[in-house]
Amino acid sequence: MNPYHCCATCKHYRVMKQHGKRIRFCQRLGYQTEPTYQFQCWDPKEQVLTLMKKRMETED
């Protein structure tokens with residue numbers, strides 16, 4: 001299980017304000033999502049990849 005795998009860490013996750021409310025959505029899938037949701041199309045942001053690599057190095 002990857003602790004980083006969630007929508008909030010994906011490069012396609014977006015947050016916009018619309019009519020005074022925050023709208024969270026996946027730009028790739030085209031619909032609303034939540035930061036903690038997980039999908040198989042997850043593509044991590046560069047900073048997340050860096051953190052994952054650092055964690056793997058410290059575990060060895």
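The table below lists the values:
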read-out	value
Those residues of region 26-40 which are over 14 Å from Asn2 (Cα atoms) and out of contact with any Ser or Thr (no Cβ under 6 Å at 6 or more places or on another chain), in sequence order	Gln27, Arg28, Leu29, Gly30, Tyr31, Gln32, Thr33, Glu34, Pro35
Members of region 39-60 that are surrounded by 14 or more Cβ atoms within 10 Å (Cβ to Cβ), within 11 Å of Cys10 (Cβ to Cβ) and of a type outside the set (Lys, Arg)	Phe39, Trp42, Pro44, Val48
Every residue from region 12-36 that is within 24 Å of Arg55 (Cβ to Cβ) and surrounded by 15 or more Cβ atoms within 10 Å (Cβ to Cβ)	His12, Tyr13
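Residue-by-condition table, conditions (1) modelled with pLDDT of 95 or more; (2) in contact with a strand residue (DSSP E or B) (Cβ under 6 Å, 6 or more places away or on another chain); (3) not in a helix (DSSP H, G or I):
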position: Pro3; (1), (2), (3): no, no, yes
position: Ile23; (1), (2), (3): yes, yes, yes
position: Cys41; (1), (2), (3): no, no, yes
position: Gln47; (1), (2), (3): yes, no, no
position: Thr58; (1), (2), (3): no, no, no
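The values are calculated or read from the model by the stated rules, or taken from the named source; none is laboratory data. Just so it is clear, the model here is predicted, and its values are computed rather than measured. Cβ: placed from backbone, ideal geometry, glycine included. Neighbour counts: every protein chain shown.
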